[in-house]
Amino acid sequence: MKIAVCVKQVPDSWAEKKMAGGLLDRASVDAVLNDLDEYAVEEALRLVETHSPTGASGEGSGHSITIISMGPDRATEAIRKALSMGADDAILISDPALSGSDALATSLVLAAVIGAKDFDLILCGTESTDARMSVIPAMLAQRLGFAQLTFAGSISVVPETSQITIARMTDVGVENMKAKLPAVVSVIEKINEPRYPSFKGIMASKKKTIEVKTLSDLGIDPATVGMSAAWSEVKDAQARPPRAAGVKVVDDGNGGNALVNFLVEKRVI
Amino acid sequence: MSQVFILVDHAGGHITKATSELALFGKRIGEVTALIFSNESSPLLEELTTMAVDRAVVIEGINFDSYSAAPVARIVANLISEKSPSAFLVSSTVKGKEVAARAAVLTNSGLITDAIDLTSELVATQSIFGGSTTVHSQVTHGCAIVTLRSNSIEVEATTSNPVVETVVVSVDSLDPSALLDQVISLEATVSGGRPELTEAAIVVSGGRGTNGDFTPVEALADSLGAAVGASRAATDAGWYPHSHQVGQTGKTVSPQLYLACGISGAIQHRAGMQTSKMIIAVNKDAEAPIFDLVDFGVVGDLFAVLPQATAGILSKKS
Ligand SMILES: Cc1cc2nc3c(=O)[nH]c(=O)nc-3n(C[C@H](O)[C@H](O)[C@H](O)COP(=O)(O)OP(=O)(O)OC[C@H]3O[C@@H](n4cnc5c(N)ncnc54)[C@H](O)[C@@H]3O)c2cc1C
Ligand SMILES: Nc1ncnc2c1ncn2[C@@H]1O[C@H](COP(=O)(O)O)[C@@H](O)[C@H]1O
């Protein structure tokens, strides 16, 4: 199985974020591998462990895991983390013209890279913790003409028949879905527990190839991407005033009653 | 006059409240056409007469619940190309956002997700970074495709008499690439008769502090007619279904009142509830970060505080 995992470098989701000039102020916070993409990397590793006779991917095994990311040059740090977990190689699409791209442009670029190779399976996280749109996987499936199996809580693949089934966890419950590969699959954070890179993995990742591509390598016109080509524009952004401090009582045996009195005072009941 | 399409979200033969909200936003902009994808549309058309819509297009002939967002998006895109509406509004559900994303690709249109307000000039308001920042933005290309969070606008009672048109489609008439994935079976979460989490006026959530026992949380919720939510710690432990998780990787709720019980208030949990109008917390630890957000907090054991509050509410109501 040839697997591509789409990962994004994002500001640390534990940090407070700010805006600068209509864009996220990325300089003010640490950049990390999107937490939710770690589950996609882990799932790729587990699928290879299940299906490869040697339990591993790489040269001659018929299995490979390629990390794909669009972002600035420093996104190589996030990619390195995915490689140190055990992925084989990576492609980074980095071009100054990409700055400020919207989801439509991002999916266009990712689809160009993915479509140029013959991957069986494209794994994504359910959302990037900065943009929080949760739309790239559906857009990729649309652009590539692949099946879309999103919000997977479990995945199983039968490589012989190219059949893939997932349990999709949505607003309404669990939907069991099936499709033929190739497919775009996004995974939720309950699917697995991502491994920590081992020392060996970290050392090995330093020798792995990160191929850096520009827009001209992909034959994409720079005028179709980036901030100026974004089809939605931010007019303004304001920090919300902090919430006024509320009342805090310590339960002395009457905490529940105090809560009821508050509800009465606020006319909730 | 400007035309607006809204996607009717329905389940179990009923239209969601979020759909009435879409109609009200649509009315600000122009004439509203409701798109209903269903083979059993009569009860839905009946309910539609209580919403602010001018027209309805029923699309039938395929069991749309058996597929991902692909076939719906394909048909919506065809209708957008045909009728050139100025906007297409969808509620921010998992599938709604996927329909919107695919329709944006198919029609070369800009997309704004998770808006909480939309003006007649199509300026959308979004609350980002866990509610700490408010952004105004606008689609500048194609049809303005906007997904809106539920509980964003007060629903007023209205009546309408929409002109109905029916379009029959067949599996053969669609591009095969729109039918690549299939639903084999659905295990719907049982709501226990409680309101839907994202639409409820009051949400009572439990976290690790419940230690797996949601009885006091559910009892308090029922005394208030509220929905029940859970932190990720609680859903990860299998104490409550994932579909009830509130937060970054769960649902975003914006009720009149949110009660967090035994929840510390991690940044990822706050991302899903910070825009609630009023917040109450019950937590043993006086230093828990959730207390930074509250209008009212009780430092105490939820197993003592919640039953007392429930009893008090029930006696006030009787
Ligand atoms: C990528 C990512 C996504 C995430 N997404 C989400 C998400 O969508 N939603 C979410 O909730 N979390 C999410 N998290 C997890 C989040 O970081 C926290 O781990 C989680 O919210 C903690 O849940 P909790 O507050 O129930 O548990 P804890 O943090 O363990 O807090 C339990 C609280 O209960 C109190 N308590 C204990 N016993 C009692 C008692 N008897 N009475 C009263 N109080 C008591 C304790 O004082 C404590 O404050 C995510 C994390 C990551 C990394
Ligand atoms: N710039 C990017 N490069 C690679 N993958 C991305 C990028 N942006 C988003 N993705 C993938 O798409 C998923 C959903 O992201 P989003 O739609 O931005 O919330 C992420 O979890 C990633 O797997």
Residues of the range B:240-262 being within 10 Å of ligand 1 (Cβ to nearest atom), in a loop (DSSP other than H, G, I, E, B) and over 12 Å from B:Ser205 (Cα atoms), in sequence order, are B:Gln248, B:Thr249, B:Gly250, B:Thr252
Just the residues that are in a helix (DSSP H, G or I) and surrounded by fewer than 12 Cβ atoms within 10 Å (Cβ to Cβ), please, taken from the range A:251-269. A:Glu265
So how many residues does the range A:93-127 have that are outside any helix (DSSP H, G or I) and either away from chain B (no Cβ under 11 Å) or free of Cβ contacts under 8 Å to residues at least 12 places away in the same chain (or both)? 15
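Tell me the residue from A:Lys190, A:Lys248 that is facing chain B (nearest Cβ under 7 Å), among the basic types (Lys, Arg) and either under 23 Å from the mean Cα position of the chain (by Cα) or in a loop (DSSP other than H, G, I, E, B) (or both), please. So that I can check it myself, show each step before the final result.
Details: A:Lys248 fails: either under 23 Å from the mean Cα position of the chain (by Cα) or in a loop (DSSP other than H, G, I, E, B) (or both).
Among A:Lys190, A:Lys248, only A:Lys190 is facing chain B (nearest Cβ under 7 Å), among the basic types (Lys, Arg) and either under 23 Å from the mean Cα position of the chain (by Cα) or in a loop (DSSP other than H, G, I, E, B) (or both).
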I'd like the residue in the range A:110-127 that is near ligand 2 (Cβ under 8 Å from one of its atoms) and within 17 Å of A:Ala90 (Cβ to Cβ) and, out of all such residues, is surrounded by the fewest Cβ atoms within 10 Å (Cβ to Cβ). A:Leu110
In the range A:138-152, how many residues are assigned to a helix (DSSP H, G or I) and more than 8 Å from every other protein chain (Cβ to nearest Cβ)? 2
Residues located in the range B:223-239, provided they are surrounded by fewer than 24 Cβ atoms within 10 Å (Cβ to Cβ) and either within 16 Å of ligand 2 (Cβ to nearest atom) or part of a helix (DSSP H, G or I) (or both): B:Ser223, B:Leu224, B:Arg232, B:Ala233, B:Thr235, B:Asp236
Checked against (1) closer than 30 Å to B:Ala103 by Cβ; (2) hydrophobic (A, V, I, L, M, F, W, C); (3) part of a helix (DSSP H, G or I), A:Ala82 satisfies every condition except (1)
Name the one entry in A:Arg168, A:Arg132 that is basic (Lys, Arg), surrounded by 24 or more Cβ atoms within 10 Å (Cβ to Cβ) and either in contact with an Asp or Glu (Cβ under 9 Å, 6 or more places away or on another chain) or not in a strand (DSSP E or B) (or both). A:Arg168
Among A:Gly115, A:Gly100, A:Gly125, A:Gly86, which is the only one that is in contact with a Phe, Trp or Tyr (Cβ under 8 Å, 6 or more places away or on another chain) and of a type outside the set (Asp, Glu)? A:Gly125
Among B:Glu199, B:Glu165, B:Glu187, the single one that is part of a strand (DSSP E or B) and at pLDDT below 95 is B:Glu187
Conditions (1) within 12 Å of ligand 2 (Cβ to nearest atom); (2) more than 9 Å from every other protein chain (Cβ to nearest Cβ); (3) in a helix (DSSP H, G or I) -> A:Ala90 fails only (3)
Can you find even one residue in the range B:69-90 that is modelled with pLDDT under 95 and hydrophobic (A, V, I, L, M, F, W, C)? no
Can you run down the residue pairs with Cβ atoms below 7 Å, 6 or more apart or on separate chains, where the first is in the range B:236-251 and more than 10 Å from chain A (Cβ to nearest Cβ) and at positive phi and the partner is at pLDDT below 90 and buried (at least 23 other Cβ atoms within 10 Å of the Cβ)? B:Gly247/B:Ala271
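In the range B:123-137, what residues are modelled with pLDDT of 95 or more and crowded, with 18+ Cβ neighbours inside 10 Å? Break it down into steps so the answer makes sense when it comes.
Of the range B:123-137, the ones modelled with pLDDT of 95 or more are B:123-125, B:136-137.
Answer for the range B:123-137, where residues must be modelled with pLDDT of 95 or more and crowded, with 18+ Cβ neighbours inside 10 Å: B:Ala124, B:Ser137.
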Part of a strand (DSSP E or B), at the interface with chain B (Cβ under 7 Å from one of its Cβ atoms) and under 22 Å from the mean Cα position of the chain (by Cα) - does that describe any residue in the range A:205-225? no
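Does B:Lys317 qualify as being touching a residue at least 24 places away in the same chain (Cβ under 8 Å), at the interface with another protein chain (Cβ under 8 Å from one of its Cβ atoms) and within 23 Å of the chain's Cα centre (by Cα)?
It is false that B:Lys317 is touching a residue at least 24 places away in the same chain (Cβ under 8 Å), at the interface with another protein chain (Cβ under 8 Å from one of its Cβ atoms) and within 23 Å of the chain's Cα centre (by Cα).
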So B:Ala271 fits all but one of (1) in contact (Cβ under 8 Å) with a residue 40 or more places away in the chain; (2) out of contact with any strand residue (DSSP E or B) (no Cβ under 7 Å at 6 or more places or on another chain); (3) under 21 Å from B:Asp295 (Cβ atoms); (4) away from ligand 2 (no atom under 16 Å from the Cβ); what number is the exception? (4)
Residue that is surrounded by the fewest Cβ atoms within 10 Å (Cβ to Cβ) [pool: residues in the range B:65-91 that are more than 13 Å from chain A (Cβ to nearest Cβ) and assigned to a helix (DSSP H, G or I)]: B:Glu82
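The values are calculated or read from the model by the stated rules, or taken from the named source; none is laboratory data. Predicted model only: the values in this text are computed from it and were never measured. Backbone-built Cβ (ideal geometry, glycine too); neighbour counts: all protein chains shown.
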